[in-house]
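Report on the following structure.
The values are calculated or read from the model by the stated rules, or taken from the named source; none is laboratory data. Here the structure is a predicted model, which is why all the values come from computation and not from measurement. Don't worry about glycine lacking a Cβ; one is built from the backbone with ideal geometry, like all the others, and counts go over all protein chains shown.
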Amino acid sequence: MKKVFETGGHNPVKGASPVSMITVRQRESGRRLFDVVYGLQVDAKLTYSEACAKLGQAILHMQCCEGIASNEGD
């Protein structure tokens, strides 16, 4: 399995504190599926489209937790 993406750590926007890492790994055998790891959440054996959706959700969630984005409606 190879790591194809990783983000996290200190976020300089609004002086945010350290955050959980988000990692995407690609399986190198068979259908080349992906795993998306965000903190303690592990979504495994995802297709490309599923991994894209999970990665987007993790990034936006991380931004909301840091107060950079808001999930509070209008």
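Can you give me the number of residues within the range 39-71 that are among the aliphatic types (A, V, I, L, M), more than 18 Å from Lys2 (Cα to Cα), surrounded by 13 or more Cβ atoms within 10 Å (Cβ to Cβ) and over 9 Å from the mean Cα position of the chain (by Cα)?
Looking only at that region, the number is 3.
Does Ser29 satisfy the condition of being without any contact (Cβ under 8 Å) to a residue 60 or more places away in the chain and touching a helix residue (DSSP H, G or I) at 6+ places or on another chain (Cβ under 7 Å)? Write out each step before concluding.
Working: without any contact (Cβ under 8 Å) to a residue 60 or more places away in the chain: yes; touching a helix residue (DSSP H, G or I) at 6+ places or on another chain (Cβ under 7 Å): no.
So Ser29 fails the test.
For Glu50, indicate whether it is acidic (Asp, Glu) and at pLDDT 90 or above.
Here the answer is yes, as Glu50 does meet what is asked.
State yes or no: is Val36 under 21 Å from Lys2 (Cβ atoms), among the hydrophobic types (A, V, I, L, M, F, W, C) and either in contact with a Lys or Arg (Cβ under 6 Å, 6 or more places away or on another chain) or exposed (fewer than 11 other Cβ atoms within 10 Å of the Cβ) (or both)? Before the answer, list the steps.
Values: under 21 Å from Lys2 (Cβ atoms): yes; among the hydrophobic types (A, V, I, L, M, F, W, C): yes; either in contact with a Lys or Arg (Cβ under 6 Å, 6 or more places away or on another chain) or exposed (fewer than 11 other Cβ atoms within 10 Å of the Cβ) (or both): yes.
Answer is yes for this residue.
Filter the range 24-47 for residues that are assigned to a loop (DSSP other than H, G, I, E, B) and of a type in the set (Asp, Glu) and give the result.
Glu28
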